[in-house]
Structure formats: structure tokens, C-alpha cells
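Colleague: I have a structure here, written as C-alpha cells, and I will follow up with some questions on it.
The values are calculated or read from the model by the stated rules, or taken from the named source; none is laboratory data. It should be emphasised that the depicted structure is a prediction, and the values quoted were computed from it without experimental measurement. Every residue, glycine as well, gets a Cβ built from its backbone with ideal geometry; the counts of neighbours run over all protein chains shown. Heads up: the accessible areas ignore ligands, DNA and RNA and are worked out on the full protein's heavy atoms, side chains in. Shrake-Rupley method; radii C 1.70, N 1.55, O 1.52, S 1.80 Å.
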Amino acid sequence: MPPLATPAFLTSLRSIPHLPPNTWYYLASVAFAVLNRPTEIPRIYSFSLTTSPAHETLNRTREALLKASAIGGFPSIINALNALKTVVPEDLLDAPSPTARARDGVKMAEGDQLWDSIYGEVGPRVMRGMRRSYDDLGGVARLVYAGILADDKVLGKKETGFVLVAGLVTGGQAWGAQEKGHRRGCVNNGATWAEVEAVEMLAGRVVEEVRNAARETELVRGLG
């Protein structure tokens with residue numbers, strides 16, 4: 001499959017109206033990663049360096065990818081982060097993490113605060129529904145929020161919400177219920193609806209690009 005994260009395509013993503021500032025590159029990385037197109041991640045990172053400092057771009061991209069593991073799972077995110085490191089200088093790779101996870105461990109209270117900020121008054125009902133499906137599901141969800149999503153040293157609550165929405169868009173209607181909750185969560189944490197819709201548009205364009213490329217590849221195989 002040919003490269004998809006071309007300068008022209010990435011420029012079109014960066015130019016989406018109302019897209020929150022300095023988010024396009026890590027949101028595009030999230031969408032490609034959850035769709036398991038890790039080879040696009042280095043291209044996005046390299047192109048983003050034309051307008052953003054390397055250390056800031058790297059920190060935000062890695063943190064967004066890590067947080068996207070709550071949506072796309074660890075295998076696709078490991079693939080994406082392994083691909084990213086191939087174009088990162090050694091001094092940046094070896095720099096200490098800007099987050100507090102390794103030092104502070106899992107802080108359940110911070111995870112619960114993030115949950116409440118996203119779901120508001122319906123949060124307890126959502127948690128009860130998860131525990132009704134399987135009690136451990138609710139417990140593990142709390143661990144994910146506390147251990148992965150709550151750290152705000154690089155991406156705050158609003159930016160974390162954008163990451164989750166971008167990842168959920170890749171699942172289409174199958175993940176629609178979850179996306180609906182996180183759309184509202186972004187607004188609860190300070191985003192505008194126009195910003196949320198711009199994030200959805202970016203992820204949707206990535207999905208369409210990947211689908212079109214897959215169709216073309218299958219067509220070529222059929223002709224062969």
C-alpha cells in the first residue's frame with residue numbers, strides 16, 4: 001500500500017477549520033495508529049517538525065498514542081510507537097518522560113476525577129452499567145482512567161478527550177455510543193462543539209483515506 005500521510009494530505013488535515021491549535025499531528029497519528037497503519041506515524045512526525053518544536057511534537061504524539069491504547073488496544077499502539085522511534089534522534093528518545101506515571105504510580109482519585117469530568121451526572125449510571133456487564137470491567141476501567149488517561153502533564157483533560165474522540169471515530173457506528181459520551185466529555189472539559197466536529201472530520205478523513213487505499217490495493221490484486 002502506498003504512503004498515505006503525504007505532505008498534501010497532511011496539509012489538508014492541518015487546515016481543517018476550527019481544529020484546536022497544535023493538535024492535528026497527534027490526532028492524525030492516533031487515527032492512523034488505531035487503524036493499524038504504523039508506517040504513517042514517522043511521516044506525520046517528520047512533516048510536523050516544519051511548524052512545531054521537536055521535543056513538544058514528540059511528547060504530545062507519544063502521549064496521545066499511549067492514551068489511544070484505551071481505544072485501539074496495546075498491539076496497534078506498540079506498533080505505532082515502535083515506528084515513531086525510528087525517526088527520533090537518540091537524545092530525544094533518551095530524555096526522561098515528562099509525565100508523572102513512573103514517579104507517582106496509579107492515582108485512583110485522579111482517574112475518578114477525570115471520569116466525573118467527562119460523564120458528569122450520568123457517570124455513576126455508566127459505571128453501574130459496566131459493572132452489571134462484568135464487575136471487573138468497571139474496576140479495570142477505573143485503572144485505565146487512573147493509570148493511562150488521567151495524567152495531564154502533556155495533554156490535559158480537553159486534549160485527552162480529543163484523542164479519545166479521534167480514536168473512536170475510526171470504529172464507525174460500532175463505537176458510536178462511546179463516541180457520543182466522549183464528544184460531550186470534551187465540551188464538559190472546555191471544548192467547543194465546533195472543535196469536536198473538526199476533530200471528528202480529521203479522523204473521518206483518515207478513515208476514508210485508508211479505506212480508499214485498501215480498495216485500490218484489492219483492485220490491483222484482483223487484476224493481477
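Colleague: In segment 199-219, is there at least one residue being among the hydroxyl-bearing types (Ser, Thr, Tyr), buried (at least 23 other Cβ atoms within 10 Å of the Cβ) and assigned to a helix (DSSP H, G or I)?
Modeller: Just the residues of segment 199-219 that are among the hydroxyl-bearing types (Ser, Thr, Tyr), to begin with: 217.
Imposing the further condition that a residue be buried (at least 23 other Cβ atoms within 10 Å of the Cβ) reduces the set to none.
Taking every residue of segment 199-219 in turn, none turns out to be among the hydroxyl-bearing types (Ser, Thr, Tyr), buried (at least 23 other Cβ atoms within 10 Å of the Cβ) and assigned to a helix (DSSP H, G or I).
Colleague: Report whether or not Asp116 is open to solvent by 50 Å² or more (accessible area, probe 1.4 Å), acidic (Asp, Glu) and in contact with a helix residue (DSSP H, G or I) (Cβ under 6 Å, 6 or more places away or on another chain).
Modeller: The answer is yes for Asp116.
Colleague: Here's something else I'd like to know. Report those helices (runs of 4 or more DSSP H) wholly inside segment 115-175 carrying at least 1 residues which are in contact (Cβ under 8 Å) with a residue 60 or more places away in the chain and over 19 Å from Trp24 (Cα atoms).
Modeller: Helices (runs of 4 or more DSSP H) meeting the threshold: 135-144.
Colleague: May I pose another question? Please tell me if Ala68 is closer than 27 Å to Leu143 by Cα and not acidic (Asp, Glu). Full working, then the answer.
Modeller: Details: closer than 27 Å to Leu143 by Cα: yes; not acidic (Asp, Glu): yes.
Criteria met by Ala68.
Colleague: Which of the residues that make up segment 189-198 are surrounded by 18 or more Cβ atoms within 10 Å (Cβ to Cβ), outside any loop (DSSP other than H, G, I, E, B) and not charged (D, E, K, R)?
Modeller: Of everything in segment 189-198, those that are surrounded by 18 or more Cβ atoms within 10 Å (Cβ to Cβ), outside any loop (DSSP other than H, G, I, E, B) and not charged (D, E, K, R) turn out to be Val196, Ala198.
Colleague: Would you call Ala100 more than 30 Å from Pro53 (Cβ to Cβ) and modelled with pLDDT under 95?
Modeller: For Ala100, the condition - more than 30 Å from Pro53 (Cβ to Cβ) and modelled with pLDDT under 95 - is not met.
Colleague: Still on this structure, please answer the following. For segment 8-26, give me the residue count where each residue is open to solvent by 30 Å² or more (accessible area, probe 1.4 Å), assigned to a loop (DSSP other than H, G, I, E, B) and in contact (Cβ under 8 Å) with a residue 24 or more places away in the chain.
Modeller: Residues meeting the conditions: 3.
Colleague: Still on this structure, I have one more. Taking the stated definitions as given, is His55 in a helix (DSSP H, G or I), touching a residue at least 24 places away in the same chain (Cβ under 8 Å) and surrounded by fewer than 16 Cβ atoms within 10 Å (Cβ to Cβ)?
Modeller: yes
Colleague: Could you check segment 36-52 and list, in sequence order, the residues that are farther than 13 Å from Ile77 by Cα, assigned to a helix (DSSP H, G or I) and among the β-branched types (Val, Ile, Thr)?
Modeller: Correct list: Ile44 only.
Colleague: What tally of residues in segment 61-74 results from selecting those that are open to solvent by 60 Å² or more (accessible area, probe 1.4 Å) and touching a residue at least 12 places away in the same chain (Cβ under 8 Å)?
Modeller: 1
Colleague: Determine whether Lys180 is assigned to a loop (DSSP other than H, G, I, E, B), of a type in the set (Lys, Arg) and surrounded by fewer than 18 Cβ atoms within 10 Å (Cβ to Cβ). Give the derivation first.
Modeller: On the way: assigned to a loop (DSSP other than H, G, I, E, B): no; of a type in the set (Lys, Arg): yes; surrounded by fewer than 18 Cβ atoms within 10 Å (Cβ to Cβ): yes.
Here the answer is no, as Lys180 does not meet what is asked.
Colleague: Where residues in segment 75-103 are in a loop (DSSP other than H, G, I, E, B) and open to solvent by less than 70 Å² (accessible area, probe 1.4 Å), which of them is nearest to Trp24 (Cα to Cα)?
Modeller: Taking segment 75-103 as the starting set, the residues that turn out to be in a loop (DSSP other than H, G, I, E, B) are 88-89, 94-100.
Remaining after also requiring open to solvent by less than 70 Å² (accessible area, probe 1.4 Å): 88-89, 95, 98-100.
Numbers: Val88: 19, Pro89: 22, Ala95: 24, Pro98: 21, Thr99: 21, Ala100: 25 Å.
Result: Val88.
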